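No lab work stands behind these numbers, since they all come straight from the coordinates. Keep in mind the model is a prediction, meaning the values are calculated, not measured. Here Cβ is always computed from backbone atoms with ideal geometry, including for glycine, and neighbour counts include all displayed protein chains.
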Amino acid sequence: MLAAESKAESGPLQLVGGAVPVDVDQLTTLSEQPGALLDPLVFGQLFRTWGVDSTTPIVIYDDGAAKFAARVHFLLLHFGAAPSFIVNGGVQELAKFVSGGGGLAVPSQFNAQVVNEPIQLVFQEEVLARLGGTTQIVDVRTPAEYNGDLLLPGDARPGHIPGAINLPEGEFFGSNGFILDTPQLQELFRSRGIVESRPVLVYCHDGAKSSLAATLMVQCGYPDVSLYYLSYKDWSENPDLPVEL
């Protein structure tokens, strides 16, 4: 079991059920290093310290936002680790059923490899090539970020990728704080004109919320889902790439 915590954003996370803490901020920094997302040696070394292997199912929880757990889930998926599962409701829900504190990871012999499915990882060049085509580009940031009214740290320019549909990640959750069930998510996606018959490409600010979006779209049966993991932070840094307000 892995506890995905961002000390920079939400602070330390309660450890239950022998969970091994995972530093999501470290993952974010590592992902932004040139070429790291295509280098299984870099991530494989880190995953081995968590005790991850290619056969034992992995349960991941966070503070309930699901985006930190989703970031870990995507990276494990991308590099060929065992199937992983996100706890809906996070640590508060898990603690109702599981007791005990954190555990010590037993380093594994896991050999990572780039799998790149069922979620396809894409970079600037491919996103640019898809503009104006059949791909449905989905921006899961807040309306204020999408419209350019809010510029987050790290974003060089306000706005969004041209032609992107704004579907804020907060809409994936019900009033009870849990992620909507599959039929409700399918209805939500279709209400925004996001159809299963066309490719979908999702992005956010820096990859966490869009990792969750891509995971949920695969869960809902979308057969062709791509993730611009480096997201708008990466896009806005390149002055040659277009943005819309």
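Being surrounded by 14 or more Cβ atoms within 10 Å (Cβ to Cβ), in contact with a Gly (Cβ under 9 Å, 6 or more places away or on another chain) and under 17 Å from residue 19 (Cα atoms), is that true of even one residue in segment 108-128? Yes, segment 108-128 contains a residue that is surrounded by 14 or more Cβ atoms within 10 Å (Cβ to Cβ), in contact with a Gly (Cβ under 9 Å, 6 or more places away or on another chain) and under 17 Å from residue 19 (Cα atoms). When you look at residue 201, is it surrounded by 14 or more Cβ atoms within 10 Å (Cβ to Cβ) and closer than 23 Å to residue 63 by Cα, yes or no? Considered against the rule, which asks whether it is surrounded by 14 or more Cβ atoms within 10 Å (Cβ to Cβ) and closer than 23 Å to residue 63 by Cα, residue 201 comes out as no.
Scanning segment 227-245 for residues that are touching a Leu at 6+ places or on another chain (Cβ under 7 Å), buried (at least 21 other Cβ atoms within 10 Å of the Cβ) and part of a loop (DSSP other than H, G, I, E, B) yields 228, 229. Checking the structure you have, find out if any residue of segment 89-112 is free of Cβ contacts under 8 Å to residues at least 12 places away in the same chain and within 22 Å of the chain's Cα centre (by Cα). No, there is no match, as no residue in segment 89-112 is free of Cβ contacts under 8 Å to residues at least 12 places away in the same chain and within 22 Å of the chain's Cα centre (by Cα). In the set (1) out of contact with any Leu (no Cβ under 6 Å at 6 or more places or on another chain); (2) hydrophobic (A, V, I, L, M, F, W, C); (3) touching a residue at least 40 places away in the same chain (Cβ under 8 Å), the condition left unmet by residue 140 is number (1).
Do we have any residue at all in segment 182-198 that's touching a residue at least 40 places away in the same chain (Cβ under 8 Å), buried (at least 16 other Cβ atoms within 10 Å of the Cβ) and under 24 Å from residue 127 (Cα atoms)? Checking segment 182-198: at least one residue is touching a residue at least 40 places away in the same chain (Cβ under 8 Å), buried (at least 16 other Cβ atoms within 10 Å of the Cβ) and under 24 Å from residue 127 (Cα atoms).
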